[in-house]
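Read-outs throughout are calculated quantities, based only on the coordinates presented, and are distinct from any laboratory measurement. A quick note: this is a predicted structure, and the numbers were derived from the prediction, not measured. Cβ atoms come from the backbone with ideal geometry, glycine included; neighbour counts cover every protein chain shown.
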Amino acid sequence: MAKTSSKSSGKAKALSLHIGLNGVSGAAYGGWDGPLAACEFDANDMAQLAAGQGMKPTVLLTKKATRSATLAAMRSAAQTLAGGDFFFLTYSGHGGQVPDVNGDEADKKDETWCLYDGQLIDDELYAELGKFKAGVRILVLSDSCHSGTVTREAIFPPTTIPSQRPKNMPDAVAMRTYREHQDFYDKLQKDVARNAGKPVVDPDNALAQLAVSGRLSAIAANFAASLILISGCQDNQTSMDGEHNGAFTEQLLKVWSQGGFQGNYGNFHARIRARMPATQSPNLFALGSAGAFLAQKPFSV
């Protein structure tokens with residue numbers, strides 16, 4: 001059973017934000033517009049799922065999925081929700097990278113979500129999620145590429161299926177975009193680090209290393225909310241686009257089976273992963289005091 005809110009109503013609030021981009025503004029990405037096909041479908045399908053579970057969804061599609069709109073929606077949710085409440089965040093679109101300037105990344109790269117008018121750096125995402133109050137349950141589903149360094153990056157096999165487009169911003173585009181907007185992205189990273197008052201920890205790296213790092217376990221203990229992140233692939237893989245849904249989102253919806261799935265988040269992740277090819281293996285991370293959250297049925301408010 002989901003933990004209830006401490007508010008007098010006794011009923012947990014639930015908000016969701018669904019971001020889907022079938023392209024980006026060429027002006028913000030060195031002339032590259034990153035065409036995809038199924039990301040808006042992904043966002044709308046996730047919003048429908050959320051509404052069916054009693055959540056109040058907000059949907060941001062392509063041109064409306066700007067940095068300011070995304071940050072405003074997250075901050076509004078962080079201010080609104082209290083202990084026992086639920087926030088569901090989904091992203092479907094390109095994943096990118098910018099050079100790390102604040103020293104938090106071992107591979108010297110910060111992963112990003114490619115929003116319409118600019119990238120959202122993982123440092124920013126972590127900082128925003130860290131603003132949620134103690135006891136809020138946060139579920140993040142990311143159907144995008146979060147590649148590691150070039151030396152770790154997998155060689156993606158060519159596909160003969162035209163609809164299978166990788167959701168990763170090409171390296172040449174990533175570097176051109178960074179060069180053209182370097183002051184902006186460098187300042188973002190430095191501002192997040194300064195406002196945090198301590199070194200910023202990349203969420204993907206922190207989550208992946210919790211089991212083996214005492215230092216990162218201590219950081220997780222200071223994360224007030226409880227977070228579950230299910231990503232569409234491993235760091236050295238890419239998520240694939242489709243015609244009607246991204247590969248990850250398509251299998252997730254099949255496993256969910258319109259609410260027919262019975263099990264917890266661990267079972268849910270395992271079932272999705274079992275349906276995916278070896279070239280795209282979804283990952284599951286948890287941050288904060290997420291033990292009870294992980295034991296719940298997915299999407300339970």
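If R0 is 25 Å, the Cβ-Cβ spacing of Ala292 and Gln48 corresponds to a FRET efficiency of close to 0.40.
Once fully extended, how much extra length lies between Gln258 and Lys133, figured as 0.36 nm per residue of separation less the alpha-carbon to alpha-carbon distance?
42.0 nm
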